[in-house]
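Peer 1: Before I ask anything, here is the structure I am working with.
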Amino acid sequence: MSDESTLDDVRPVERGPRPTMVRRLLVGLLTVIVVAGAAGLFGVRSSEATASNAGWTVTVTYAAVARAGLDVPWEVTVRRDGGFDGPITLAVTADYIDIYEEQGLDPAPATETADGERLYWTFDPPPGDELTVDFDAYIQPASQLGASGAVTVLDGGSEVVTVPFRTWLVP
């Protein structure tokens, strides 16, 4: 017969209970994450960036924080006191647009071109002194980190006003 007992590896009462602090902290963290998710804190957070110069004002409404696969806002409003003399060209950072799965622009640009760094969308002048361009898109499922971008209004080939922005993507 062996002197070994099946109780040899049982923790003695004198040593107290196993440390539970780590488990309590992890359960607390998990609870915070679940409550934040239920409250919608991990959804899309939109923001607005505006810049003005020489009578032009550009406002970009964009997703400041989003997740892959979600529809997000992206809209550019260009305002010029007294209206537009000719076509309006928007230069948009190409790397930024790459995080989106595009459904279309409204209105559609009269012409489009790119130079590797930026996309150039040229719109016919609208009546009045405001042009609003809505980009119908969602974040590509493969996008993970987000991107920085900028919209620049070109007037006669010269940059008039630039609005920078950044979209962060969370898991």
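Peer 1: Which residue pairs have Cβ atoms under 9 Å apart, sit 6 or more places apart or on different chains, and have a first residue in the range 13-32 that is on the phi < 0 side of the Ramachandran plot and a second that is at pLDDT 75 or above and part of a loop (DSSP other than H, G, I, E, B)?
Peer 2: So the pair list comes out as PRO17/ARG11; ARG18/ARG11.
Peer 1: So which of SER5, SER52 is in a strand (DSSP E or B) and among the polar types (S, T, N, Q)?
Peer 2: Just one listed residue meets the conditions, SER52.
Peer 1: A follow-up question, please. How do the pairs read when you match residues in the range 33-57 that are closer than 28 Å to THR132 by Cα with residues anywhere that are modelled with pLDDT of 95 or more and open to solvent by 80 Å² or more (accessible area, probe 1.4 Å), using Cβ under 6 Å and keeping only pairs 6 or more apart or on different chains?
Peer 2: So the pair list comes out as THR57/ARG79.
Peer 1: Just one of the numbered conditions (1) under 14 Å from PHE123 (Cα atoms); (2) modelled with pLDDT of 90 or more; (3) open to solvent by 20 Å² or more (accessible area, probe 1.4 Å) is not true of GLY83; which one?
Peer 2: GLY83 satisfies every listed condition except (3).
Peer 1: Here's another thing I want to ask about it. Looking at VAL92, VAL78, can you tell me which residue is under 26 Å from GLY157 (Cα atoms), in contact with a Lys or Arg (Cβ under 7 Å, 6 or more places away or on another chain) and assigned to a strand (DSSP E or B)?
Peer 2: Result of the check over VAL92, VAL78: VAL92.
Peer 1: Something else now. Could you check the range 108-133 and list, in sequence order, the residues that are within 22 Å of the chain's Cα centre (by Cα) and either of a type in the set (Val, Ile, Thr) or open to solvent by less than 60 Å² (accessible area, probe 1.4 Å) (or both)?
Peer 2: The answer is ARG118, LEU119, TYR120, TRP121, THR132, VAL133.
Peer 1: Count, please, the residues in the range 124-144 that happen to be at pLDDT below 95, hydrophobic (A, V, I, L, M, F, W, C) and part of a strand (DSSP E or B).
Peer 2: 3
Peer 1: Next question. Tell me which residues, restricted to the range 33-78, are over 12 Å from PHE165 (Cβ atoms), surrounded by fewer than 15 Cβ atoms within 10 Å (Cβ to Cβ) and hydroxyl-bearing (Ser, Thr, Tyr).
Peer 2: Within the range 33-78, SER52 is the sole residue that qualifies.
Peer 1: Mind counting the residues in the range 135-161 that are open to solvent by 60 Å² or more (accessible area, probe 1.4 Å) and closer than 20 Å to PRO109 by Cα?
Peer 2: Quick first cut of the range 135-161, residues open to solvent by 60 Å² or more (accessible area, probe 1.4 Å) only: 136, 138, 141-142, 144-145, 148, 155-159.
The next check asks that each one be closer than 20 Å to PRO109 by Cα; those that pass are 136, 138, 155-159.
Total satisfying the criteria: 7.
The values are calculated or read from the model by the stated rules, or taken from the named source; none is laboratory data. These numbers were taken from a predicted model, which means no experiment stands behind them. When we count neighbours, we look across all protein chains shown, and the Cβ atoms used for this are built from the backbone with ideal geometry, even at glycine. To get the accessible areas, we keep the full protein, side chains included, count just its heavy atoms, and leave off ligands, DNA and RNA. Shrake-Rupley method; radii C 1.70, N 1.55, O 1.52, S 1.80 Å.
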